[in-house]
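Take a look at the structure below.
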Amino acid sequence: MRSFTRQELEAARGRSVPDLIRPDVKLLFVGINPGLWTAAVKAHFARPGNRFYKALHAGGVVGEELDVRGGFDTRSRSVLLDRGIGITNLVNRATARADELGADELRSGARSLARKVARWEPRVVALVGITAYRSAFDRPDAVVGRQEEKLGAAEIWALPNPSGLNAHYQVDALARLYRAAARAAGVDVSRRPSVTGFGPRA
């Protein structure tokens with residue numbers, strides 16, 4: 001894995017990251033916005049310490065733990081896309097921290113997301129970042145999990161941010177929630193989760 005200097009990461013500020021998408025998407029994960037490392041390598045949730053791919057694997061959503069710290073390769077893209085998983089962002093502008101985004105930018109991102117969902121037609125839209133979801137969709141009392149409202153025909157799930165800075169949720173809790181959203185989307189989660197405490201296969 002390559003490393004970056006502070007100057008190289010700062011040079012990625014403001015960059016965008018291409019959506020990972022294919023027409024047969026079932027489950028669309030939506031990050032808040034790219035971090036600097038993610039923007040530098042152009043791969044979602046790529047920053048070392050981010051637990052997104054660890055949680056997907058732990059929950060049985062994918063069969064292996066992907067390492068995209070150096071960017072997506074053909075295999076990692078295929079693992080996700082072949083299972084009907086896509087990834088986009090609410091705001092496609094890289095910052096060092098998500099709290100650098102304003103409420104107006106998040107609300108604009110929600111409108112842009114609605115247009116993408118109308119075009120791509122996923123079954124489930126899973127936003128990873130409950131605070132950003134509350135701001136973007138004007139749902140200040142929203143709690144983690146499946147939401148009552150929909151985005152077009154798609155269910156909305158508001159899920160915890162997988163950043164390593166989110167100490168409120170450990171990998172097993174993230175894995176449970178990501179698995180539930182994947183199951184709702186029709187993604188095959190029959191494989192046994194790789195963390196304990198799940199009980200029978202869901």
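A short reminder: the numbers here are calculations on the coordinates, not readings from a lab. Model, not experiment: these values are computed from the prediction. Neighbour counts are summed over all protein chains in view; Cβ atoms, including those assigned to glycine, are modelled from backbone coordinates with ideal geometry.
Brief remarks follow.
- DSSP beta bridges in the range 123-190 [antiparallel fraction, %, rounded to 5]: 45 percent
- Electrostatic bookkeeping for Thr131 treats Lys and Arg as +1 and Asp and Glu as -1; over the other residues with beta carbon under 15 Å from its beta carbon, the sum is -1.
- Pairwise centroid distance, computed over Cα atoms, of the range 3-66 with the range 112-170, Å: 16 Å
- Candidates Ala185, Ala98, Ala175, ranked by Gaussian network fluctuation over the chain, Cα under 10 Å, top entry: Ala98
- Other-chain or far-sequence residues with amide H under 5 Å of Ser163's (modelled H): Arg51
- Reciprocal mean inverse distance between Cα atoms of the range 1-86 - Kirkwood radius, Å: 13.4 Å
- Taking trypsin sites (Lys or Arg not before Pro) as exposed when their DSSP state is a loop state and no more than 11 other Cβ atoms lie within 10 Å, the longest site-free interval of the chain runs over 3-200.
- Mean projected area in nm² (Cα convex hull; one quarter of hull surface) for the range 6-185: 9.2 nm²
- Shown in residue order for the range 146-162 are the 3J(HN,Hα) couplings computed by the Karplus curve 6.51 cos²θ - 1.76 cosθ + 1.60 at θ = phi - 60°: 6, 9, 6, 6, 10, 10, x, 8, 8, 5, 10, 10, 9, 10, x, 5, x Hz (x for Gly and Pro).
- Sorting Ser194, Ser78 by the number of Cβ atoms found within 10 Å of their own Cβ, with the fewest placed first, yields Ser78, Ser194.
- Remark: the Arg119-Ala153 segment gains 11.1 nm on full extension, using 0.36 nm per residue and subtracting the alpha carbon distance.
- The number of Lys pairs in the range 6-185 with C-alpha atoms less than 19 Å apart, excluding pairs fewer than 8 positions apart on the same chain, is 4.
- The label-point distance for Asp24 and Lys42, in a model that sets each label 7 Å from Cα toward Cβ, rounds to 2.5 nm.
- Placed amide H near Asn89: partners under 5 Å, 5+ positions off or other chain: Gly31
- Local electrostatic count, Gly86, Cβ distance below 14 Å [Lys/Arg +1, Asp/Glu -1]: +3
- Among the DSSP helices (H) of the chain, those spanning at least 18 angstrom by Cα along their long axis with an average Kyte-Doolittle hydropathy of -1.0 or more are 103-120, 171-185; this is a geometric and hydropathy rule only.
- Length added when fully stretched, Asp138-Thr5, from 0.36 nm per residue minus Cα-Cα: 44.1 nm
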